[in-house]
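What follows is a single structure, and I will ask about it in a moment.
Nothing in this text is a laboratory measurement; each read-out follows from the coordinates by a stated rule. Predicted model only: the values in this text are computed from it and were never measured. Here Cβ is always computed from backbone atoms with ideal geometry, including for glycine, and neighbour counts include all displayed protein chains.
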């Protein structure tokens, strides 16, 4: 009976949930890495709301970042205690405030990115699905308990963090490095930042993420006299081709847990520093996005990439004078490794039961190529599950969140706090 009462209360809060999500979409929260000022204004709006709610603890953890507004990237953690207070079992639900840039504004046809619009049961705007829907759902799952004067079986720990879209350096990564006492080995962790349209997919594994950048210094000269310089762009392309072939050859296993069952190694960003077609570029760089099956240690991939740097440079050593030798430098931009969550772990079993009881569907588990907060918990030995009900509009023009999904996901999150 208590479960039914809580679920009805979540449904009753539908209009409040829509209004809150639309209020948050109005406030851009772009990383300084994406040309924005960070999450401070959006966090201030959220904190203003939450300070009026009866959370047992509400704590801000600001990561210093001089590029951001007010010089910080804020992270907020809210506790609503369960039946046994702070000493009982805990359920973490982690969402992020930052969003990706709008992209081509001409591609937005329903509304402008930061002017939310409710249309045909969907809330349009940048950040509506990624990660606003889940953020608001987690809030109102807890709000239902508050309104009814009830305590859940588990303590809710809601985390609203910065910098998910550009590397987590000022968000969950910073929290775990500077405040490890916040996390317990027996915590249950839900990351509602991935899923499918019917809400039956539970992500338990992620490919390891590795971003590699190679920078080449040659000698810039006029396009008509290439023999007097050294084309850095040509060397960068040569290295990229060697790297692409070698990585695909050495790390070619398949794992059917993942929808795309092989590792991927994709050149994504790069070019020369030349600003005219008649200049032989003296500098160039290329970036590879590597999504590697967990069975392969990223250290091995980096060693392979470093070896090819030396081999590429050696090939040119035989062709030019030492003083004209191009210089290659490899940089690791990001490195995240994640062991899988066991499919029989408590959070996966609990989610599967919630989906079965509330939606009459059987969940399936699998892996993805993208990266989420879950990787940081898994590396600490804390199983985490990624789940949500999404039309998968994240990062696209006309991004939207379905209101029905917003409410239904909040009900699942409320169920997780009640079930044994």
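With springs only between Cα atoms under 10 Å, which of 228, 213, 122 fluctuates most in a Gaussian network model of the chain?
228
Considering only region 61-166, what is the antiparallel percent among its DSSP beta bridges, to the nearest 5?
Numbers: 13 of 20 bridges.
Taking every DSSP beta bridge with both residues in region 61-166, the antiparallel ones total about 65 percent.
Okay, moving on. Return the whole-Å distance between the Cα centroid of region 19-62 and the Cα centroid of region 236-274.
For region 19-62 versus region 236-274, the Cα centre distance is 37 Å.
Okay, next question. Report the relative contact order of the chain, percent, no decimals, based on alpha-carbon pairs under 8 angstrom and at least 6 residues apart.
Working: 917 pairs, mean separation 98.8, N = 420.
Contact order relative to length: 24 percent.
Which order do the peptides 369-376, 269-276 come out in when sorted by mean C-beta neighbours inside 10 angstrom, highest first? Walk me through the intermediate numbers first.
Numbers: 369-376: 22.5, 269-276: 13.6.
Per-residue mean Cβ counts within 10 Å order the peptides as 369-376, 269-276.
Calculate the length of the line joining the C-alpha centroid of region 199-223 to that of region 357-383, in whole Å.
So the separation of the two Cα centres works out to 24 Å.
Using Cα-Cα distances under 8 Å and only pairs 6 or more residues apart, what relative contact order does region 300-420 have, in percent?
Working: 69 pairs, mean separation 26.8, N = 121.
Relative CO of region 300-420 lands at 22 percent.
A follow-up question, please. Can you list the residues of region 194-219 with backbone N under 15 Å from a point 7 Å past the Cα of residue 268, pointing along Cα to Cβ?
Residues 207-214 fall inside that zone.
Shifting gears a bit: According to the square roots a ≥ b ≥ c of the eigenvalues of the Cα gyration tensor, what is the shape class of region 232-299, taking rounded for a/c under 1.5, prolate for a/b larger than b/c otherwise, and oblate for the remainder?
Numbers: a/c = 3.65, a/b = 2.89, b/c = 1.26.
Prolate.
Just to verify a number: FRET efficiency for residue 304 and residue 1, C-beta to C-beta distance, R0 = 45 Å, to 0.05? Kindly include the intermediate steps, with their values, before the conclusion.
Working: r = 60 Å, r/R0 = 1.33.
Efficiency, rounded to the nearest 0.05: 0.15.
Largest first, please: the extent of the C-alpha atoms of region 379-420 along each principal axis, to the nearest Å.
38, 27, 9
Give me the one-decimal nm value for the distance between modelled label points at residue 313 and residue 16, 7 Å along each residue's Cα-to-Cβ direction.
Placing both labels 7 Å beyond Cα along the Cβ direction yields 6.2 nm.
If the chain between residue 396 and residue 114 were fully stretched, how many nm would it gain, using 0.36 nm times the residue separation less the Cα-Cα distance? Intermediate values should be presented prior to the final figure.
Working: separation 282, 0.36 × 282 = 101.52 nm, distance 1.36 nm.
Computed gain between residue 396 and residue 114 is 100.2 nm.
For residue 84 and residue 359, what is the calculated FRET efficiency with R₀ set at 22 Å and r taken between the beta-carbons, to the nearest 0.05?
Numbers: r = 29 Å, r/R0 = 1.33.
My answer for the efficiency is 0.15.
Here is a further query. In the calculated pair distance distribution of the chain, what percentage of Cα-Cα distances lie above 26 Å?
Numbers: 51883 of 87990 pairs.
Within the chain, distances greater than 26 Å cover 59 percent of Cα pairs.
Still on this structure: Treat the count of other C-beta atoms within 10 Å as a stand-in for reagent exposure and order 387, 174 from fewest to most.
On the way: 387 31, 174 21.
If I rank by nearby Cβ atoms, fewest first, I get 174, 387.
Follow-up. Among 341, 389, 111, which one shows the highest mean-square fluctuation when the chain is modelled as a Gaussian network with alpha-carbon springs under 10 Å?
111
Report the extension gain between residue 329 and residue 222 in nm, rounded to one decimal, defined as 0.36 nm multiplied by the number of residues separating them, less their alpha carbon distance. Mind dumping the intermediate values first?
Working: separation 107, 0.36 × 107 = 38.52 nm, distance 2.44 nm.
Length gained between residue 329 and residue 222: 36.1 nm.
Just the number, please: percent antiparallel of the DSSP beta bridges in the chain, rounded to the nearest 5. Kindly include the intermediate steps, with their values, before the conclusion.
On the way: 52 of 73 bridges.
So the antiparallel bridges amount to about 70 percent of the total.
For the chain, what is the calculated [θ] at 222 nm in deg cm²/dmol (nearest 500), taking -39500 (n - 2.57) for each run of four or more DSSP H residues and dividing by its residue count? Write out the running numbers ahead of the final one.
Details: 10 runs with 132 residues, N = 420.
Mean residue ellipticity, 222 nm, calculated: -10000 deg cm²/dmol.
Taking Cα centroids, how far is region 105-160 from region 292-347 in Å?
So the separation of the two Cα centres works out to 39 Å.
Also: Using R₀ = 51 Å, calculate the FRET efficiency as 1/(1 + (r/R₀)^6) where r is the Cβ-Cβ separation of residue 181 and residue 278; round to 0.05. Kindly include the intermediate steps, with their values, before the conclusion.
Values: r = 60 Å, r/R0 = 1.18.
Result of the calculation: an efficiency of 0.25.
Let me ask something else about it. Rounded if a/c is under 1.5, else prolate if a/b beats b/c, else oblate: with a ≥ b ≥ c from the C-alpha gyration tensor eigenvalues square-rooted, which is region 87-148? Intermediate results must be reported in sequence, preceding the final value.
Numbers: a/c = 4.64, a/b = 2.07, b/c = 2.24.
Note, shape of region 87-148 comes out oblate.
Between residue 106 and residue 420, what is the label-point separation in nm under the 7 Å Cα-to-beta-carbon projection?
Label-label distance for residue 420 and residue 106, simple model: 6.2 nm.
Once you've got the GNM for the chain with C-alpha springs shorter than 10 Å, pick whichever of 134, 34, 224 has the biggest mean-square fluctuation.
Looking only at 134, 34, 224, the biggest GNM fluctuation is shown by 224.
Sorting 24, 325 on the 10 Å Cβ count, fewest up front, what's the list? Numbers along the way, then the final one.
Values: 24 22, 325 17.
With the fewest neighbours first, 24, 325 line up as 325, 24.
Given an 8 Å cut-off on Cα distances and at least 6 residues of separation, report the relative contact order of region 208-336 as a percent. Mind showing how you got there, number by number?
On the way: 250 pairs, mean separation 54.6, N = 129.
Value for region 208-336: 42 percent.
Need one word for region 5-138: rounded, prolate or oblate. Basis is the Cα gyration tensor (sqrt eigenvalues a ≥ b ≥ c); a/c below 1.5 gives rounded, then a/b vs b/c decides.
Working: a/c = 2.53, a/b = 1.23, b/c = 2.05.
It is oblate, given that a/c is not under 1.5 and a/b is not larger than b/c.
Pull out the extension gain between residue 70 and residue 213, defined as 0.36 nm times the separation in residues minus the alpha carbon to alpha carbon distance; nm, one decimal. Let's see the in-between values first.
Details: separation 143, 0.36 × 143 = 51.48 nm, distance 3.08 nm.
Taking 0.36 nm per residue and subtracting the Cα distance, the gain is 48.4 nm.
Test of understanding: extend the Cα→C-beta vector of residue 244 to 7 Å, then name every residue of region 263-304 with backbone N under 11 Å from that spot.
Of the residues in region 263-304, 265-268 have backbone N under 11 Å from the label point off residue 244.
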